[in-house]
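The values are calculated or read from the model by the stated rules, or taken from the named source; none is laboratory data. What you see is a predicted model; the values in this text were computed from it and never measured. Here the Cβ is made from the backbone with ideal geometry for all residues, glycine too, and neighbour counts use every protein chain on show.
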Amino acid sequence: MKTRSTLLPIWLLASCAAAAAAEQPGLSEKDFLGEVPIVLSVSRLPQSLHEAPGAVTIIDRELIRRTGAREIADVLRLVPGFQTTLARGGNPVAAYHGAFFDLASRIQVLVDGRSVYSPYNIGTASFGMRSVSLEDIERIEVLRGSNSATYGARAVLGVINIITRDTADTKGAMAQVAAGQQNLLDGTARIGWGNEAASYRITVDRRGDDGFSAIDQNRLETVNFRGDIRATTRDTIELRAGGSKQRWNDGFVNTPDNPSHTRRFNGGYLQADWRHSASTDEEFRLSYSHNEERAEDRNLAQLGALPPFIVDFSGDGRVDTLEFNHRFSANPAVRISWGGEWRIESARSLPLYATDDWINTRLARLNGSMEWHMAPAWILNTGAMLEHSSAAGSAILPRAMVNWLATPNHTFRAGVSRAHRPPSIFERQANQRLDVPGVGVLQNWLATPGLRGEKIDATELGYYGDWRDLQLAVDVRAFDERISDFIQISTVPVPAAAGTLNTNTKSFINDRTLRLHGVEYQATWRPYRSTQITVSQSFVNTDFPDDGTFLSVPGNTTAIVWLQRLPQGWDFSLTHTAIGAMTWNGAGNMLPSRNRTDLRLARAFRLGNTQAEAAIVVQNAGGASPEYLPQLEFSRRAFAILRIAYH
Amino acid sequence: MARANPFAPLIALIALIAAPAHSTDAVTIMLSEAGGAYGEVAVALRAELPAGVVVRETLDAPAQDSSVKPQLLIAIGAKSCGTAARTASGTLLCTLIPKTTFERITSDPSSRNRTNTAVFLDQPASRQMALIRLMLPSAGNVAMLVGLESAPSETIFTAAAKRYGLGTVVARATTPDSLYPALQTLLDGGSSALLAIPDSRVFNSGTVQNILRTSIRARVPLFAFSPAYVRAGALAAVYSTPQQIGKQTGLLARELLGGRPIPAPSYPSEFTVAV
């Protein structure tokens with residue numbers, strides 16, 4: 001048959017072809033047609049701000065550097081709706097839609113996915129925000145609005161997601177020094193190394209200045225390590241560890257019941273993440289983290305005719321979490337993300353809780369969210385969290401947001417959500433008894449049993465528009481937030497059996513329902529490539545009672561940022577904020593409306609083989625203004641920064 | 001392994017019997033592999049051929065059946081093009097093949113077939129530069145990472161860039177170790193875009209992840225040659241689908257059968273842009 005005679009030449013042909021193939025370099029149509037097997041998970045970035053299920057403000061590292069910020073609180077003041085303060089100078093605080101007792105307990109703050117909530121005392125994220133060096137931040141995503149459905153408890157009014165730079169971007173050496181008035185001295189040094197398979201960095205940071213009154217010297221030292229290991233083309237392991245030590249002063253001279261004393265806060269953490277990218281659209285993540293902290297806050301107080309006695313708010317805290325998340329596309333129109341977390345938050349403080357045992361709060365949560373492109377111009381983002389905490393039982397926290405992409409450049413949003421905040425360990429278990437030697441015991445704080453968690457119901461309407469030919473982008477958010485079972489400080493009678501010197505003591509009770517509504521917007525305009533102007537404002541109405549605790553939400557705030565690149569490597573920025581009257585600490589400490597203007601002028605240049613930048617920053621250029629308390633003055637201060645980087 | 005379609009001789013026999021006495025146009029289509037993109041090209045191609053043409057489809061090797069001399073041999077893919085160039089005679093039309101690969105095959109001394117043309121799979125440099133210019137009106141420089149396979153095309157791309165008012169910054173990655181350092185220096189230079197020029201040693205499954213990641217971090221958008229890259233994170237790609245290639249090949253085959261003199265190899269005329 002013909003077949004046989006054809007076989008021989010084919011055989012020869014085959015071996016020739018095989019030999020030829022061995023010599024042929026690889027380029028063929030397969031390079032064009034094949035799937036790219038492993039892909040990037042840029043999971044943190046919303047597809048575009050038009051599709052983001054809420055009002056998002058992104059602060060990138062360029063903004064942080066160009067505004068001369070020393071603290072995260074310095075840049076958060078530029079986000080509409082935020083109130084921030086440097087407090088005594090070395091213990092900055094940030095809050096959204098209301099400070100309440102000066103602790104950032106109603107926003108969730110994450111650093112690379114790890115919550116930096118501190119279980120000690122009332123529970124705050126202020127300390128955790130300082131544990132990261134600003135030089136290591138890639139960007140900060142601020143989600144304005146509650147999102148417990150994704151972020152769990154405490155994402156009551158907002159979520160701040162601090163994302164650090166990939167170690168592949170921070171290779172080489174970098175050092176930065178800032179020095180100036182009020183004995184301001186900051187230093188950062190970083191070294192990064194590695195290759196495509198694994199890269200690492202270690203950053204040490206020190207910040208310090210004299211604060212806002214003669215006794216407010218403050219110091220912060222941090223060290224942070226991060227390693228990114230690309231174990232296979234699909235798997236990445238990220239390791240993080242670090243520690244921080246802060247000290248600052250509190251109290252006042254000549255104030256016997258709150259004398260000047262030093263407070264310290266030391267913390268450390270470890271975090272390990274495993275990410276597995278199954279494909280472009282699917283990723284699985286497993287995370288473990290461990291945080292430890294120790295706070296020292298002890299002074300000798302005197303009240304009236306009583307002998308001096310020790311007032312101690314010291315304690316230890318610990319948080320352990322194990323979290324997993326799975327993200328995938330169910331079909332081209334539906335993306336799903338779901339996961340769970342187990343978490344144990346513990347605090348131990350003999351002076352605060354009258355016991356030497358660890359007090360634990362256990363949280364377990366399961367959450368899921370779905371992004372459904374219902375129609376070409378309609379996206380539904382919906383999700384819910386089922387959370388159980390030993391502090392407040394179970395809760396189902398749903399959220400839904402609809403985006404209508406009316407035109408490719410204009411999107412309208414509408415959404416509802418429910419969030420909650422379980423009471424902190426201090427709010428549930430406080431039992432602070434102060435021993436007045438030779439006289440008796442004063443009950444300073446006593447928790448009321450049966451305290452319920454707070455529930456927040458929020459409705460919002462939003463708009464995001466992009467005028468390409470005008471180079472203008474505008475985001476508007478109108479909101480109505482209702483906090484029910486608001487936990488507030490109150491005076492309650494002390495049980496007679498306690499045998500204390502006082503009959504009434506401070507406690508926490510679920511009290512009123514608070515309502516906030518208003519509108520905030522942010523507009524960014526880039527008239528030229530070298531110029532960027534951002535204006536943000538917020539207008540908030542509250543039905544809060546007139547007693548001072550509740551006057552912590554200023555009626556209006558304005559922030560203007562002007563970034564301008566100049567020729568020859570010069571760079572200029574101006575940031576101006578105006579904030580309405582408010583208090584951080586009760587009716588007696590009402591602050592008038594205040595302005596703050598910061599200026600920065602910098603020049604980039606080369607120093608041998610390195611890239612360098614020198615800058616001068618003036619904070620509060622407009623002159624002194626009260627900060628945090630009426631008697632503290634934030635006077636104008638200038639400092640110079642020199643930064644050198646070697647790759 | 002190359003294997004002739006076992007039914008090929010039989011089909012040829014039937015065709016001979018069935019065909020009218022005068023000579024009929026015969027076309028042999030060789031696929032590098034069964035199915036997939038190759039099959040799609042073949043289907044689109046056949047739709048354009050005139051009625052009455054005898055079409056034989058084989059997997060890789062042409063049947064050595066001297067009773068039927070195909071007027072036109074269409075090779076889909078680099079593998080079948082290489083095989084056809086070495087063994088067959090008659091007009092050869094290679095399709096679904098990158099330009100540099102085609103040129104390498106036909107200039108190889110073992111290539112016997114001298115009458116050949118092609119429909120390339122890659123896009124002309126000017127089209128790629130036009131896309132960059134369209135998407136980034138204020139772009140200044142285009143960065144290109146060039147390897148051993150793409151080096152010969154470098155001047156063509158530089159010239160095309162110039163026509164669109166774009167400068168070029170080129171880094172050469174000749175060894176696997178030099179790839180990432182070259183890429184890093186390239187991206188530090190302040191280019192507006194990174195253009196991927198097909199080169200299997202530079203852009204392959206082992207390197208793509210890092211190249212994409214590095215370019216995204218450097219805020220330099222990547223313009224690629226395949227929609228898979230766009231799904232992975234590249235800003236845009238201009239490419240031609242197998243259907244578009246097949247259709248163009250079929251139309252060209254039709255003209256060749258109609259007596260048109262064999263033209264020079266050409267780039268695809270129809271293309272798609274993915275963003």
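Give B:R213, B:R201 a once-over and let me know the one that is crowded, with 17+ Cβ neighbours inside 10 Å and free of Cβ contacts under 8 Å to residues at least 24 places away in the same chain. Selected residue: B:R213, the only one of B:R213, B:R201 that is crowded, with 17+ Cβ neighbours inside 10 Å and free of Cβ contacts under 8 Å to residues at least 24 places away in the same chain.
Counting only strands (runs of 3 or more DSSP E) that sit wholly inside segment A:537-647, those with at least 3 residues that are in contact with a Phe, Trp or Tyr (Cβ under 8 Å, 6 or more places away or on another chain) and closer than 25 Å to A:R207 by Cα are A:570-579, A:594-607, A:610-619, A:625-627, A:629-634.
Okay, residues lined up against (1) modelled with pLDDT under 90; (2) of a type outside the set (F, W, Y); (3) over 21 Å from the mean Cα position of the chain (by Cα):
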{"position": "A:I310", "(1), (2), (3)": "no, yes, yes"}
{"position": "A:F324", "(1), (2), (3)": "no, no, no"}
{"position": "A:R335", "(1), (2), (3)": "yes, yes, yes"}
{"position": "A:E341", "(1), (2), (3)": "no, yes, no"}
{"position": "A:S349", "(1), (2), (3)": "no, yes, yes"}
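Residue check: is A:G317 surrounded by 18 or more Cβ atoms within 10 Å (Cβ to Cβ) and assigned to a strand (DSSP E or B)? Considered against the rule, which asks whether it is surrounded by 18 or more Cβ atoms within 10 Å (Cβ to Cβ) and assigned to a strand (DSSP E or B), A:G317 comes out as yes. Determine whether A:R565 is at negative phi and within 14 Å of chain B (Cβ to nearest Cβ). The answer is yes for A:R565.
Taking the listed residues A:R285, A:R230, the one that is within 29 Å of A:R165 (Cα to Cα), buried (at least 16 other Cβ atoms within 10 Å of the Cβ) and modelled with pLDDT of 90 or more is A:R285, with no other qualifying. Remark: A:V311 matches the filter, which requires a residue to be over 28 Å from A:G113 (Cα atoms), part of a strand (DSSP E or B) and away from chain B (no Cβ under 14 Å).
Okay, residues lined up against (1) without any contact (Cβ under 8 Å) to a residue 60 or more places away in the chain; (2) hydroxyl-bearing (S, T, Y); (3) within 30 Å of A:R318 (Cα to Cα):
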{"residue": "A:S369", "(1), (2), (3)": "no, yes, yes"}
{"residue": "A:S390", "(1), (2), (3)": "yes, yes, yes"}
{"residue": "A:A414", "(1), (2), (3)": "yes, no, no"}
{"residue": "A:N431", "(1), (2), (3)": "no, no, yes"}
{"residue": "A:L446", "(1), (2), (3)": "no, no, yes"}
{"residue": "A:I456", "(1), (2), (3)": "no, no, yes"}
{"residue": "A:L470", "(1), (2), (3)": "yes, no, no"}
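Test A:R275 against the criterion of being farther than 27 Å from A:R433 by Cβ, basic (K, R), buried (at least 16 other Cβ atoms within 10 Å of the Cβ) and within 14 Å of chain B (Cβ to nearest Cβ), and give yes or no. Yes: the conditions hold for A:R275.
Filtering A:Q532, A:Q537, A:Q564 for residues that are within 30 Å of A:R482 (Cβ to Cβ) and in contact (Cβ under 8 Å) with a residue 12 or more places away in the chain leaves a single hit, A:Q537.
In the set A:R452, A:R482, A:R512, A:R529, only one residue is basic (K, R), assigned to a loop (DSSP other than H, G, I, E, B) and touching an Asp or Glu at 6+ places or on another chain (Cβ under 7 Å); that residue is A:R452.
B:G233 meets each of the listed conditions (1) surrounded by 16 or more Cβ atoms within 10 Å (Cβ to Cβ); (2) within 10 Å of another protein chain (Cβ to nearest Cβ); (3) at negative phi apart from (3). Any residue at all in segment B:240-254 that's touching a Leu at 6+ places or on another chain (Cβ under 8 Å), surrounded by fewer than 21 Cβ atoms within 10 Å (Cβ to Cβ), over 22 Å from B:M129 (Cβ atoms) and facing chain A (nearest Cβ under 9 Å)? Looking for residues that are touching a Leu at 6+ places or on another chain (Cβ under 8 Å), surrounded by fewer than 21 Cβ atoms within 10 Å (Cβ to Cβ), over 22 Å from B:M129 (Cβ atoms) and facing chain A (nearest Cβ under 9 Å), one finds none in segment B:240-254, hence no.
Of all residues in segment A:320-370, those that are outside any strand (DSSP E or B), over 24 Å from A:A52 (Cβ atoms) and touching a Phe, Trp or Tyr at 6+ places or on another chain (Cβ under 9 Å) total 3. Among the residues of segment A:153-203, those that are β-branched (V, I, T) and in contact (Cβ under 8 Å) with a residue 40 or more places away in the chain comprise A:V156, A:V159, A:I160, A:I162, A:I163, A:T164, A:T167, A:V177, A:T188, A:T203. So, in segment B:240-272, how many residues would count as being under 15 Å from the mean Cα position of the chain (by Cα) and among the basic types (K, R)? The total comes to 1.
Of the residues making up segment A:191-250, those that are part of a strand (DSSP E or B), β-branched (V, I, T) and over 25 Å from A:A645 (Cα atoms) are A:T236, A:I237.
For B:A139, the stated conditions do not hold, so it cannot be described as free of Cβ contacts under 8 Å to residues at least 60 places away in the same chain, more than 10 Å from chain A (Cβ to nearest Cβ) and crowded, with 24+ Cβ neighbours inside 10 Å. Filtered by the rule that a residue be in a loop (DSSP other than H, G, I, E, B) and within 15 Å of the chain's Cα centre (by Cα), segment A:81-90 gives a lone residue, A:G81. Within segment B:188-205, the set of residues being within 11 Å of chain A (Cβ to nearest Cβ) and farther than 20 Å from A:L33 by Cα comprises B:D188 only.
Counting residues in segment B:206-218 that are farther than 30 Å from B:L96 by Cα, in a loop (DSSP other than H, G, I, E, B) and at the interface with chain A (Cβ under 10 Å from one of its Cβ atoms) gives one or more.
The selection criterion, being crowded, with 23+ Cβ neighbours inside 10 Å and facing chain A (nearest Cβ under 10 Å), does not hold for B:P227.
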